[in-house]
Amino acid sequence: MASFEKSDKRTHYCGTLNAELIGQRVNVLGWCQRQRDLGSLIFIDLRDRTGIVQLAFDADTDKAIFDNAFGVRAEYVIAASGIVRSRGEGAINPNMATGEVEIAVDRFKILATAQTPPFAIVENSDVKPELRLTHRYLDLRRPDLQNNIIARSEIVKIARDYFAENGFIDIETPNLIKPTPEGARDYLVPSRVHNGKFYALPQSPQLYKQLLMYSGFDRYFQIARCFRDEDLRADRQPEFTQIDLELSFADEDDIIALNEGFIKRLFDEFMHMPLETPFKRITYAEAMDRFGSDKPDTRFGMELTNISDAVKNCGFGVFTNAVENGGSVRGITVPGGASMSRKEIDALVEFVKTYGAKGLAWYKNADGQISSSFAKFMSEDELNAVTNAMNAGAGDLILIVADKNTVVYDALGALRVHVAKKMNMIDKNKFNFLWVTEFPLLEYSEDDGRFYAKHHPFTMPFEEDIPLLESDPGAVRARAYDIVLNGTELGGGSIRIHTTELQTKMFEALGIGEAEAEEKFGFLLEAFKYGVPPHGGLAFGLDRLVCLLLGLEDIRDVIAFPKVQNASELLSKCPAHADPKTLDELGIRVIKDEDSE
């Protein structure tokens, strides 16, 4: 191995070499993708983050350099210098950006050798994720993953530029904060100095960005790291990044228009795709009624239909009981779904059970052959009323859930998307944005017998709904808004409460008394005494945003060092046991869980 010297420094990245550079001397650095020994010829494909270029060694190459190149293996780190030349017509590789040229090498160094890697460094690897994540530094050498991380950086730059141009100030907020009593679980950090007390890692910069509005900064922006101790899934990690903003003297229309401008800029500069604004807006109530979801995918139809009135007096007890008990009977019509086999329909029945439904009623007319799970319980007129209400024709499949509304919405909302994917109804080239507005301010937990904030306890209710905080809290609408893309929530925000009186009412509706409010939020309530401007904000999930723009399924593919489903990192093997001396300093005793061990 040779040392790295000034004369070895890069003049060009591998992927930037082209026919315009023929005849010029270049220095390139990178990793060996592969070496091909053809006897009197040796070719090395050299890779860096921009691409691959071919290094050529032939009869004109110095023998010592030729012999050195002969010993090169995959993932060796190389410095090479030479003259760019044409490959010649018969040797051009149209599949490579640099396929017209190669470097005739006359200076060559092996800077580091490498063992054979546990998997090939190639795009779209089908190696098990666990192996790739254990060797993430190798995984990140793959061009497709590197491009994802580079794309993420470009998106962040566009965000910084856009919001700076619109008067936003980039301000960092603390990562060691007071534990929060509401929402998801906090990650706690013990204090050595204040024995027995804990910091929390922020689930969001919410309170601090509001305090910045109280401080007169007017427009705040941050690429914010956030942490939530919750179960993972494909679009969720225990630590994640938000494009976070807050602004004063603004209402919903101002905030929505501003962020539509950001998305439009993003599509112009990053996607190179025109985007029409303003985006469609629908209320939470409409979203649930039509799609069974507060983050609906509008790239396809198959909307929910409420047939409660059509079946409330029918002969099928499952339907009538649901209506009598205050629930509803709703369904979706699957165009061409009558082609599904009984086995496929049975699988759909099991699918909705995972969302709390007791079952799934179905009806299909396949070339005049009627088959159904409920037809025998209903008269011909009643069946006709159902098919007419569902706007179903020959060849269609009707799928119905009857239960309390929350179960009906959850089950049918998920089933609608599941069937659309199964039937290839979704145009993956579409980007359908919409805003969902007027969320419920509060939601009731039957388990705890109390209301919780749907978003957070600092969200402003609609003024006309404020009297309902005492008489009918569940009916209060929030001045909250989510931006949705293709069935995924990209971000959300709200107008915030800015008076002591209303914030106190909100705490009372949540069952938080004066003493508890003072203990948990005293610093915020104290700040209210000194003049708080009307304000609101929004946060985008950066990881999800990048994922959707790149057409990826898993946010781990846009995060350099992600966690796996049990919130551990396979590369560094964290979390890990702490040194007993450190625990003693923190005043912490660990109780071993034998099952866990």
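Here are the numbers for the structure shown:
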| item | result |
| --- | --- |
| Sites residue 231 and residue 41, calculated FRET efficiency, Cβ-Cβ separation with R0 41 Å, nearest 0.05 | 0.15 |
| Within the accessible area of the chain (1.4 Å probe), percent carbon and sulfur | 49 percent |
| Between the range 483-533 and the range 298-355, the alpha-carbon center distance in angstrom | 39 Å |
| Whether the range 118-185 is rounded, prolate or oblate, judged on the alpha carbon gyration tensor where a/c under 1.5 counts as rounded | oblate |
| Solvent-accessible ranking of 444, 530, largest area first, probe 1.4 Å | 530, 444 |
| Karplus-derived 3J(HN,Hα), 6.51/-1.76/1.60, for each residue of the range 11-18, Hz, glycine and proline x | 9, 9, 7, 4, x, 9, 6, 8 |
| The range 1-110: GluC sites (Glu not before Pro) in DSSP loop, at most 12 other beta carbons within 10 Å | 5 |
| Exposure ranking of 464, 443, 514 by accessible area [1.4 Å probe, largest first] | 514, 464, 443 |
| Spatial separation of Cα centroids for the range 373-435 and the range 1-62, in angstrom | 59 Å |
| Nearest-ten-degree value, helix 500-509 long axis tilted from longest Cα axis of the chain | 70 degrees |
| Point-to-point label distance, residue 464-residue 445, nm (Cα→Cβ direction, 7 Å offset) | 3.2 nm |
| Mean Cβ count within 10 Å, highest first, over the residues of peptides 142-150, 168-176 | 142-150, 168-176 |
| Dipole of the chain, positive end: most advanced residue of 457, 226, 148 [Cβ charges, Cα centre] | 148 |
| For the range 448-597, accessible area per residue (1.4 Å probe, heavy atoms of protein chains only), Å² | 52 Å² |
| Over the range 161-238, equivalent-ellipsoid semi-axes from the Cα gyration tensor in Å | 26, 18, 10 |
| Cleavage-rule hits, trypsin sites (Lys or Arg not before Pro), the range 342-386, DSSP coil, Cβ neighbours within 10 Å at most 15 | 358 |
| Relative contact order of the range 506-592, pairs being alpha-carbon contacts under 8 Å that are 6 or more residues apart, as % | 10 percent |
| Sequence-distant residues sharing a close amide H with residue 397 (under 5 Å, placed H) | 334, 336, 337, 338 |
| Equivalent ellipsoid dimensions for the chain as semi-axes, Å, which come from the Cα gyration tensor, largest first | 52, 36, 24 |
| Charge dipole of the chain about the Cα centre (unit charges at C-beta), most positive-ward option of 574, 499, 362 | 574 |
| Hz values of 3J(HN,Hα) by residue in the range 374-384 - Karplus curve (6.51, -1.76, 1.60), Gly and Pro given as x | 9, 4, 5, 8, 10, 6, 4, 5, 5, 5, 4 |
| Approximate spin-label separation residue 554-residue 188, in nm, with each point projected 7 Å along Cα-to-Cβ | 3.3 nm |
| 222 nm mean residue ellipticity, helices alone, for the chain (DSSP H n ≥ 4; -39,500 (n - 2.57); rounded to 500) | -8500 deg cm²/dmol |
| Cα shape, the range 472-589, gyration tensor, a/c 1.5 rule | oblate |
| Trypsin sites (Lys or Arg not before Pro) within the range 398-433, DSSP loop, no more than 10 other Cβ atoms inside 10 Å | 428 |
| Relative contact order computed over the chain (Cα-Cα under 8 Å; 6+ residues apart), in percent | 12 percent |
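The values are calculated or read from the model by the stated rules, or taken from the named source; none is laboratory data. Because the structure is predicted, anything quoted here is derived from the model rather than measured. Glycine also receives a Cβ, built like all others from the backbone with ideal geometry; neighbour counts cover every protein chain displayed. Accessible surface is based on the protein model in full, side chains and every heavy atom, while ligands, DNA and RNA are left aside. Shrake-Rupley method; radii C 1.70, N 1.55, O 1.52, S 1.80 Å.
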